[in-house]
1. Residues ILE776, ILE764, ILE760: which one is within 29 Å of TYR523 (Cβ to Cβ), within 45 Å of the chain's Cα centre (by Cα) and not small (Gly, Ala, Ser)?
2. Could you list, in sequence order, the residues of the stretch 535-571 that are surrounded by fewer than 17 Cβ atoms within 10 Å (Cβ to Cβ), within 22 Å of TYR354 (Cα to Cα) and not hydrophobic (A, V, I, L, M, F, W, C)?
3. How do the pairs read when you match residues in the stretch 318-331 that are closer than 16 Å to ILE435 by Cα with residues anywhere that are aliphatic (A, V, I, L, M) and surrounded by fewer than 20 Cβ atoms within 10 Å (Cβ to Cβ), using Cβ under 8 Å and keeping only pairs 6 or more apart or on different chains?
4. Going by the conditions given, is ARG152 more than 19 Å from ILE69 (Cα to Cα) and modelled with pLDDT under 85?
5. Residues in the stretch 217-228: is at least one touching a strand residue (DSSP E or B) at 6+ places or on another chain (Cβ under 8 Å), surrounded by fewer than 17 Cβ atoms within 10 Å (Cβ to Cβ) and not basic (Lys, Arg)?
6. Tell me which residues, restricted to the stretch 39-49, are surrounded by 23 or more Cβ atoms within 10 Å (Cβ to Cβ), under 19 Å from ASN116 (Cα atoms) and in contact (Cβ under 8 Å) with a residue 60 or more places away in the chain.
7. Look at ALA699 and say whether it is outside any loop (DSSP other than H, G, I, E, B) and aliphatic (A, V, I, L, M).
8. When you scan the stretch 105-132, how many residues do you find that are loosely packed, with under 12 Cβ neighbours inside 10 Å and either aromatic (Phe, Trp, Tyr) or more than 20 Å from LYS74 (Cβ to Cβ) (or both)?
Amino acid sequence: MFDSFDQIPSLFITEDTEFFPLMSNDEEEEINKEPIPDILPILPLRNTVLFPGVIIPITVGRDKSIKLIREAYKSNRIIGVVAQKNVNVEDPSVDELNTIGTVAAILKMLQMPDGNTTVIIQGKKRFEMGEVVQTEPYLKARVSAFGETKIRTDKEFSALVNSVKDLAMQIIETSPNIPTEAGIAIKNIENSSFLINFISSNMNADVAEKQKLLEIADLKKRAELVFKHLSQELQMLELKNQIQSKVRTDIDKQQREYFLNQQLRTIQEELGGSTPDAEIQDLRKRGNKKKWGKEVHEAFDKEIDKLLRMNPAAAEYSVVLNYAELLLELPWNEYTKDNFDLKRAQRVLDKDHYGMEKVKDRILEFLAVLKLKNNMKAPILCLVGPPGVGKTSLGRSIAKAVGRKYVRMALGGIHDEADIRGHRRTYIGAMPGRIIQSLRKVKSANPVFVLDEIEKVGSDFRGDPSSALLEVLDPEQNNAFYDHYVELDFDLSNVLFIATANSTSSIHPALKDRLEIIEVNGYTIEEKVEIARRHLIPKQREAHGLKGNQFKLSPKIIEKVIEEYTRESGVRGLEKKIATLVRGTAKKVAMEEEYMPSLTAKDVESIIGAPVFDKELYEDNEHAGVVTGLAWTAVGGDILFIESSLSPGKGKLTLTGNLGDVMKESAMIALAYLKANAGKFGIEPKLFDQWDIHIHIPAGAIPKDGPSAGITMLTALASAFTQRKVRPHLAMTGEITLRGKVLPVGGIKEKILAARRADITDVILCKNNKKDIEEIKQHYIKDMKFHYVSDMDEVLQRALMDEIVKEPLDLKVKEIPPSLAN
């Protein structure tokens, strides 16, 4: 390769320079008569073009080029020189070389101290490269002469040549970097052709322009083009000198930077390049193509005018420029086209997510209305459910179904209002809020925007992000969302916002009022088996590099993993267990051990370990005062046992099990109701003053609270005081009042699924919860019986058996001696 081309510039030309002998007309005629060999070795040049008659030194570093030079130097010293089209190519092919080149004679070859080889060559005449006859060890090709058009030496041509010579002399005189000796060489050149070639070789132009000059056969046209280039160069030098003379004063740092920018701008304008003003005008042109309103357009033009008046070195320049670019990049009235094929949308949703019919129906309803009306304010959906049920991934599926862009914004841990509304531009490091940044990135004004974990938004002294979200998520306000950085209203009404939350209890009440809550409940075992078979197993197989026939799980084994190793509403824990099983198989495949693709129950236990949970969670009812309750937790439904026991005392009530205030109040209400209605249930009222009551809920390390254990606690107390058994495989949930009314509770689906997992067959519920049972697919609860009640009399009638437990307590009333009574 050629590491560098130190082309000898005019700076080094002197009258006595032996490498630049001046060529006479006779010498040129003699060169033109010399025949060109039919085949020449071809030397590619980078960064320079060799002209006939001109002598230049080149540094040779490429292996092919070194071999070519050495062999040619030992023989006739004649080679063909062509310029590369792309200077960055290290080993150019024939297609990457120009076809017009110059025959060159090697005058001298020098070995430099740094190990490189320097060769001095002289151009002879032009040639045109034809068929390639050799590529190794270097390139050889057939060549033919590239003749020049003969011209008559008339007055016009002579005047043109003299003008070229005068311009070259003026450039030498104007430029302070070129010594006056350089003009002597040009003055002494009498041959017109050599003069044009000499100036073409040394003038300030790139390789492509010089190659263009080399390929012009007409000497007059070539002289005209050289004259044009020299005129531009002279004008640039004069302008540069003019600017320098104007600002040649004692200037401080800011004035110096301003001068340099002005000088750069002037040079770039003369060369046709981009300048700061040109870039700003380009921003204006882009702005004229935007689909924004009058207010935004006026604000943008105002910022552009401010930039044109501002010094690029000023600190505020970059702030204004960044703001103008933000306005350009925001998707003002730029929408993606919705796909209104509802059947396709339903197929996409069904393929990506198993179950979730309620959510899917709501999305299809939205699409149907949008298709009919073609314009509607997008609803603010809030998917509420336990972790791992697919709330976040559902947003991506919705985006794919409707053909919109997808954006996800995690709200967990956000405590600064500026994250939503942005900073004011007066602050250092100000930036727009994350809503605007996300829309800028996605380049669409109607994406599907997932606000993940909206209940985890915090608030502190820096502001209340929940309040800032009110404007974002209010369909009546978000058509004019105001970001502190943008300072212009942006329309968010076409964005399909989908919020996700594990619970609505911690969501700001005003924010919750603007959300359309959709419950995403936990999955049944059957649903989990299908999800694992359709989604989780293929996903983990691919993630661990296994093929379809290398890992298999039967539905029975999947059910074993679900029941014995996970206890959750979603499938996140199940996916982790499946990943563990896949890794166990992947290890055997990688170590080339024998294995069975279809895992057995024994294989599962050897990889994961012994079962963590017992499938049968229901406990016997041989003891009085033990009742099975149903509870909702953040990870889905669960069953809990409420135990009550009596001991001789003075009627003291003790509550244990890490209970919250709501459950403590439920226990006190249950005891108060039982005391008030003791006779109705066959309980002697005096017993409450002679026996201490202890209510305990196992797993005391786990905090428990919620309004759903009232009837369970009352049943436990009634069972303890009557010593009657509770019916087997029975569970209940509901709250009570002092009048004995049963109140409805939430989380019914999760609770029922938990009861089914625990082999509960009978469930007592409030009558108002019947509608929640009807929303559950019937084949999931076909073996379960539901008892709907409205007061506690019905609860105890259905829950307590007539049979007395083994070894009942002696609950006889102890008579107080008359002496103590008085």
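1. ILE776 is the lone residue from the list that is within 29 Å of TYR523 (Cβ to Cβ), within 45 Å of the chain's Cα centre (by Cα) and not small (Gly, Ala, Ser).
2. Within the stretch 535-571, PRO538, LYS539, GLU542, GLY548, LYS552, SER554, PRO555, LYS556 qualify.
3. LEU327/ALA299; LEU327/LEU488; PRO331/VAL442
4. Spelling it out, ARG152 is indeed more than 19 Å from ILE69 (Cα to Cα) and modelled with pLDDT under 85.
5. The answer is yes; a qualifying residue exists.
6. LEU43, PRO44
7. For ALA699, the condition - outside any loop (DSSP other than H, G, I, E, B) and aliphatic (A, V, I, L, M) - is not met.
8. 4
The values are calculated or read from the model by the stated rules, or taken from the named source; none is laboratory data. Because the structure is a prediction, the values reported are computed rather than measured. Cβ coordinates were reconstructed from backbone atoms using ideal geometry, including for glycine residues, and neighbour counts include every protein chain displayed.
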